[in-house]
Each structure stands twice: as C-alpha cells, then as structure tokens.
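The values are calculated or read from the model by the stated rules, or taken from the named source; none is laboratory data. Fair warning: this is a prediction, and the values are worked out from it, not measured in the lab. Quick reminder, even Gly has a Cβ in these numbers, built from the backbone with ideal geometry, and neighbours come from all protein chains shown.
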Amino acid sequence: MSLFERYGISSELCETDKVIMDRCRKQFEDCEAVRDEVQLKILNAFIKNKVGLQHLGQSTGYGYGDSGRDTFDRLFADCVGAEDALCRPSILSGTHALAVALFGLLRTGDTLLAATGRPYDTLQPVIGLTGKGYGSLSEFGIGYDEVPLIDGEPDFEGIRSRAGKADVVHIQRSRGYEPRRAFSVEDIRRIVEAVRTVNQTAVILVDNCYGEFTDLNEPLSAGADLIAGSLIKNPGGAIAPTGGYIAGRSDLVERCGHRLTAPGTGRELGSNPGGMRDFYLGLYFAPQVTCEAKKTSIYASALFEEIGYRTVPDYKAPRNDIITSIETGDPKVLIALCEEIQASSPIDSFASPVPDDMPGYDDKIIMAAGAFTQGSSIELSCDGPLREPYIAYLQGGINLTGSRLALLRAAERMSRIKNE
C-alpha cells in the first residue's frame, strides 16, 4: 500500500500522483534553483546588516530608537533590492500597505493610472470605484484612469497613450480574481519602459503581493519606484504573524512613513511589544517556503489538468506568484474543492467553509484557510467568488507532501461530482 492509500486515496489516483510528480520534475528543479540563489542573497543580507540577538526582542511605548525595527527595515530593503523599506506590524494587509503608499504619494488634483487593468476587489473602495467612500482617493479629489488588459496581457500602446498625465502608475503583479497569469519581472520592465517613454516623473508602484521571491529579482530591479505587499504572504515565511511592507526609493518610503503614522513623526514612531523574532525568522525562511508554495502550484496545475480542468498557469509555465486558478464551471465543484482543502488543513480541519459576504467584495466568497496565521495565503488555502465560471484560486502550500494529500482528496471528490 502506497503512502497516500493509507490516507484514503484510491490506488488509481495514487498512480496518477506518481505520474504527476515525475511530470513536474524539471519545473520543481527550476523552483529549487531560484530558492537556493535567493536564500544565499538573504543570508548575505543578514550578515551585512549584523543582525544580532538584541534585534529580536520587544519594544514598548512610542518605539523611539527601536534598533530591531530599524535594522529589519534595512535588512528587508537589501533582500528586495531597495534603497529603503518600511516594514511594520501596524500595516495590516497588502491592501493596507498599498493604501498607505497611494495616500502618501497622491495629492488633490493628481491622477492614478492603473496600467494592468482594474485593481483587485479590495483596492477598489480605496480608490473610490466601489463602496461607500469613507475617505477614498476620489473623495480627496484624486483622479483615476486605467488601461484594460488585452486577453490578460498588458496593452503597451494603451499605457503609452494614457501614462503621460499620470502622477502614480499602479501595476498589479498578481491576478486578484481574474483568470490571468501573474506578471514576471520582465513583464514589469516592459510596462515601466512604456511609461517612461512618455512620463519621466510618475511614481511607478507595484502591488507585489504573492510574487515576492518567486524570481531571482524583484520589480525594483525592473525600474519600479516602489513595491508593497503583505508580510503574512511570501516574505513572512509562514512565521510572521502580521504586517506589511513598502520598499523602494528612500524619499518615497519616507513620505509613506509620514502617512502611516502622522506628519512629523513618520517612521520614528512604532513599537513592537510582541518582539521582532518572528519577522526575522520568517524572512530567513521565506525562500524555502515560497519554493514549496510554487511547487504546490505546479503540482496542482498538472493534477487538475489531468482530470479535465483548465488551470492558469499550466504546469509548464513559469511561476510569477504562488497562485493557480482552476476553472471548475460548477458552484458545487468550487465549494467541494474548498471543503476538501479545509478538511485537510492542520488548523480548523473540522470547519466547513460556506459562501458568504466579505468586506470589499460584491459577490459571495467561499474561503478555505486552515492556517496557523489567519489569512496567510502562503499556507495552503483556496477561495473564489460565487460567479461564473466558478474559478477557484488555490494559493500557497508550505509543505508539498501535505498539500498533495489535500489536492488528491479534492480531485477525487471533484471527479465524483463531475461524473454524477
């Protein structure tokens, strides 16, 4: 009896698992090559910044002179190729990090250009495209324009035609709830070049969520001015309990710091009563954990393609984030997939996810996330809006073996529903 048969997987599907693992061998090796190089880069950054035991402890009150916080900012900046970084547990999510950046950069009369189509659902109320306002960019007299994607790809001519009047250009690396591929660093370089042909002064801000450490380099190496994201995704290594980051040009990071706290205090304020150990440890583990998530994504694409579902990206395609979208075509199949992921999770396996309203989304959303850190999409999770064509967005996976069991259980149930 094979390993997975002992945990309820049919012998037929266990044979499929062996085929899939062999099929993905080359892609796995590519992931590991990126992991190894990024790991050594991060290790060297720790050594360069002389990280010591004293930096791992806690601080209280205002946090003035918090060496652990300030050293972590310098360390993170070196890891992503930035001049400076602002990493704080008080940045609550990737959306929050982007909101801080946008409000820190834009002023009344300025224009924000979304160069990769409409941003994902939770950023739309920040801009003022949906929701009730509550202090959105539009309420402050900030204009908005966008360049729609063409079949999921950037419209470079459209970017050149609209970027001339933009003050900030937004690039979304990952997909949100859109069935497109994530953009590579090279894709971002081409977008930056298109902007710079008509506008030399606009700030180019990349939403880097889900994309960190999936490549040898980050978008700043491609000419972006700022990147922003969450510390409970890739860069937190499934260890950081909360937080977000903004990194890039030092003058722009400074402006964002004064937006995060208050004008005049900026980044000098902010204690860490829980200590910094988990942030340092998470960053150190991030290349390994991100690699496992990429391998899980590749395996998932190959498995679900094998049983008849369309995935984006397919298993052979390069991974520019940690997400695979699976077009189920049936709300029952979408719900079943999420239920099986939840049931095979180390935390809250006994819970049953149900579609419900979520802040920032217009459609009901089903979310499976039995994670040690709530909302940590670097851990295996799956979610999707209840709207046609009922696409599931599978994310993360810090352990390929455990992820395979969850995905095989989901594949068996999905096949039963499909054949009913």
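Just a few scattered comments:
- Odd one out for Ser136, checked against (1) in contact with a helix residue (DSSP H, G or I) (Cβ under 7 Å, 6 or more places away or on another chain); (2) within 30 Å of Tyr315 (Cα to Cα); (3) not basic (Lys, Arg): (2)
- Cβ-Cβ contacts under 7 Å between residues 6 or more apart (or on different chains), taken from a first residue in the range 252-278 that is closer than 23 Å to Ala202 by Cα to a second residue that is of a type in the set (Phe, Trp, Tyr), are listed as Arg259/Phe103.
- Checklist (1) in contact with an Asp or Glu (Cβ under 8 Å, 6 or more places away or on another chain); (2) buried (at least 22 other Cβ atoms within 10 Å of the Cβ) applied to Asp314, failing item: (2)
- From the list Arg404, Arg409, Arg416, the one residue that fits, being under 22 Å from the mean Cα position of the chain (by Cα) and basic (Lys, Arg), is Arg404.
- Count - residues of the range 134-186 that are polar (S, T, N, Q), surrounded by 15 or more Cβ atoms within 10 Å (Cβ to Cβ) and over 22 Å from Thr122 (Cα atoms): 1
- Unique residue being within 21 Å of Val195 (Cβ to Cβ) and either under 17 Å from the mean Cα position of the chain (by Cα) or modelled with pLDDT of 95 or more (or both) when the list is Thr95, Thr116, Thr108, Thr122: Thr116
- Of all residues in the range 360-375 being within 25 Å of Gly131 (Cα to Cα) and in contact (Cβ under 8 Å) with a residue 40 or more places away in the chain, the one that is surrounded by the fewest Cβ atoms within 10 Å (Cβ to Cβ): Asp362
- Criterion (of a type outside the set (D, E, K, R) and modelled with pLDDT of 95 or more) met by exactly one of Gly65, Gly52, Gly8: Gly52
- Selection within the range 60-84 - surrounded by 22 or more Cβ atoms within 10 Å (Cβ to Cβ) and either of a type in the set (Phe, Trp, Tyr) or touching a Phe, Trp or Tyr at 6+ places or on another chain (Cβ under 6 Å) (or both): Phe72, Phe76
- When residues of the range 87-97 are limited to those that are of a type in the set (Gly, Ala, Ser) and part of a helix (DSSP H, G or I), the one farthest from Thr201 (Cα to Cα): Gly94
- Criterion: in a loop (DSSP other than H, G, I, E, B) and within 27 Å of the chain's Cα centre (by Cα) - qualifying residue of Val51, Val100: Val51
- Scanning the range 271-324 for residues that are touching a strand residue (DSSP E or B) at 6+ places or on another chain (Cβ under 7 Å), among the polar types (S, T, N, Q) and not in a helix (DSSP H, G or I) returns Thr311, Thr324.
- Scanning the range 240-266 for residues that are among the aliphatic types (A, V, I, L, M) and outside any loop (DSSP other than H, G, I, E, B), we see that the one that is surrounded by the fewest Cβ atoms within 10 Å (Cβ to Cβ) is Leu252.
- For the range 265-303, the set of residues classified as assigned by TED's automatic domain parsing to the domain that holds Glu15 and more than 22 Å from the chain's Cα centre (by Cα) consists of Leu303 only.
- Check on Ala228, assigned by TED's automatic domain parsing to the domain that holds Thr95 and either surrounded by fewer than 23 Cβ atoms within 10 Å (Cβ to Cβ) or over 21 Å from Glu292 (Cβ atoms) (or both): yes
Residue-by-condition table, conditions (1) in contact (Cβ under 8 Å) with a residue 40 or more places away in the chain; (2) touching a Gly at 6+ places or on another chain (Cβ under 7 Å); (3) in the same structural domain as Asp30 (by TED's automatic domain parsing):
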{"residue": "Lys132", "(1), (2), (3)": "no, no, no"}
{"residue": "Leu149", "(1), (2), (3)": "no, yes, no"}
{"residue": "Val169", "(1), (2), (3)": "yes, no, no"}
{"residue": "Ser174", "(1), (2), (3)": "yes, yes, no"}
{"residue": "Pro179", "(1), (2), (3)": "yes, no, no"}
{"residue": "Ala202", "(1), (2), (3)": "yes, no, no"}
{"residue": "Ser221", "(1), (2), (3)": "yes, yes, no"}
